[in-house]
Amino acid sequence: MSPAGKAEAEPGSAGSGAAGGPFTLAIDIGGTGLKASVLDHRGEMVAPRRHVPTPQPCPPPVLLASVADMVRTLPAFHRISAGFPGAVRGGRVLTAPNLGTEAWAGFPLEAELAKRFDRPARVLNDAEVQGLGVISGAGMEMILTLGTGAGIGIFFNGKVSPHIELSQHPVHKKLTYDMFLGKEAFEAVGVKRWNKRVRVAIEILARVVLFDRLYIGGGNAVHIKGDLPANVTIVANEAGITGGIALWRDPA
């Protein structure tokens, strides 16, 4: 049987004492794309990142099937971490603005991933997972992800704060951060006006959150032009996967 087959049928069949283990299947769920890889105990990818388009529509059974297809091509693993684009509490999805909240509200994603692959799983908001992959761990830090929507995570001294759906709060007239900065806005207003919107959002978040450092990630971060404040840093999108190792650093 190929390693890909083992990942689905016997995930993590190699002992956790194997060199570099335990290994973590890290999944980055987005409104536009699904990404996954396997991480070693340091949080480094041991296999090339897999990336497939997010099915549309994407209710829970469709998402789980798509993840299973990706996993078939990845090495064995012992545990799972996943970032989800919405509010997650106690392993259950509360909101899914870009996947369909009606289909997802109340879905026990953590338990279903564990059941599907017969390995323990932990799930957190996707922006928060990416933030855990880049923060310094000192002071008030924040991440803003710019992709299908606008994800936001807040951290204090390395610990993620209880999740609030700030991305659904109005930032300009009736436009939420999602609507003001997301993919549809980028395509509608163009790069120049979208960049002005990014600066507006940074100024508002600086006043509201009083962050020491802001990290900006997500697929559209590459379109940010010009200088940014000294305490604002653009980070690699791969952190949406590699940050998954942080979900297993502390006891559940």
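Could I have the simple spin-label model distance between S161 and V209, label points 7 Å from Cα toward Cβ, reported in nm to one decimal?
Spacing of the two 7 Å Cα→Cβ label points: 0.8 nm.
Taking every DSSP beta bridge that has both residues in segment 102-246, what percent is antiparallel when rounded to the nearest 5? Working shown, then result.
On the way: 11 of 19 bridges.
Expressed as a percentage, antiparallel bridges in segment 102-246 total about 60.
Using a 1.4 angstrom probe, figure out how much accessible area segment 80-130 has per residue, in square angstrom, rounded to the nearest whole.
Values: 2020 Å² over 51 residues.
Per-residue value: 40 Å².
For the chain, with all protein chains present and a 1.4 Å probe, just round the carbon and sulfur fraction of the accessible area to a whole percent.
Working: 6400 of 11460 Å².
Here carbon and sulfur together make up 56 percent of the probe-accessible area.
Mind checking which of G190, G151, G218 has the largest fluctuation in a GNM of the chain, springs on alpha carbons under 10 Å?
G190
What does the highest-first list of 64-70, 229-235 look like by mean Cβ count within 10 Å?
Ranking, from highest mean packing down: 64-70, 229-235.
For the chain, give the share of DSSP beta bridges that are antiparallel, in percent and rounded to the nearest 5; count only bridges with both residues there. Working shown, then result.
Values: 24 of 42 bridges.
Of the beta bridges lying entirely in the chain, close to 55 percent run antiparallel.
Which far-off residues, 5 or more places away or on another chain, put their amide H under 5 Å from the one on T233, with H placed in the peptide plane?
Residues meeting the criterion, in which the H sits 1.01 Å from N, are L214, Y215, I216.
From largest accessible area down, sort D40, D227, D212, D126; use a 1.4 Å probe on the protein chains. Intermediate values should be presented prior to the final figure.
Values: D40 10, D227 145, D212 95, D126 35 Å².
So, going from the largest accessible area down, we get D227, D212, D126, D40.
So, with +1 on the Cβ of K and R and -1 on the Cβ of D and E, and no other charges, what is the size of the charge dipole of the chain about its Cα centre, to the nearest 20 debye?
On the way: 26 positive and 22 negative charges, 87 e Å.
Dipole size: approximately 420 debye.
Under 5 Å between amide H atoms, partner at least 5 residues away or on a different chain: which partners does R122 have, H built in plane at 1.01 Å?
I80, S81, A82
Which shape class applies to the chain: rounded if a/c is under 1.5, otherwise prolate when a/b exceeds b/c and oblate if not, where a ≥ b ≥ c are the square roots of the Cα gyration tensor eigenvalues?
Details: a/c = 1.90, a/b = 1.58, b/c = 1.21.
Prolate, because a/c is 1.5 or more and a/b exceeds b/c.
Using each residue's phi in segment 66-76, evaluate 6.51 cos²θ - 1.76 cosθ + 1.60 at θ = phi - 60° and report the 3J(HN,Hα) Karplus result to the nearest Hz, with x for Gly and Pro.
So the J values, rounded to whole Hz, are 5, 4, 4, 5, 5, 5, 4, 9, 10, x, 5.
Return the single residue from I216, I224, I204 with maximal mean-square fluctuation; model: Gaussian network over the chain, springs between Cα atoms under 10 Å.
I204
Apply the Karplus curve 6.51 cos²θ - 1.76 cosθ + 1.60, θ = phi - 60°, to the phi angles in segment 189-204 and return the couplings in whole Hz, x for Gly and Pro.
With the stated coefficients, segment 189-204 comes to 9, x, 4, 5, 5, 5, 4, 5, 5, 4, 5, 4, 4, 4, 5, 5 Hz.
Which of R92, R116, R207 moves most in a GNM of the chain, Cα contacts under 10 Å?
The residue with the greatest mean-square fluctuation here is R207.
Answer rounded, prolate or oblate for segment 122-190, using the Cα gyration tensor with square roots of eigenvalues a ≥ b ≥ c: rounded when a/c is under 1.5, else prolate when a/b is larger than b/c, else oblate.
On the way: a/c = 2.33, a/b = 2.02, b/c = 1.15.
The shape class here is prolate.
Can you work out ³J(HN,Hα) from phi for every residue in segment 136-144, in order, using Karplus 6.51 cos²θ - 1.76 cosθ + 1.60 and θ = phi - 60°, giving whole Hz and x for Gly and Pro?
So the Karplus estimates, Gly and Pro as x, are 7, x, 10, x, 8, 10, 8, 10, 10 Hz.
Hey, what number do you get for the chain at 222 nm if only DSSP H runs of n ≥ 4 count, each worth -39500 (n - 2.57), divided across all residues, to the nearest 500?
Numbers: 8 runs with 75 residues, N = 252.
Calculated from helices alone, the mean residue ellipticity at 222 nm is -8500 deg cm²/dmol.
The values are calculated or read from the model by the stated rules, or taken from the named source; none is laboratory data. Predicted model, so just to flag it, every value in this text is computed and none were measured. Cβ: placed from backbone, ideal geometry, glycine included. Neighbour counts: every protein chain shown. Note: accessible area is taken over every heavy atom of the protein model, side chains too, but ligands, DNA and RNA are not part of it. Shrake-Rupley method; radii C 1.70, N 1.55, O 1.52, S 1.80 Å.
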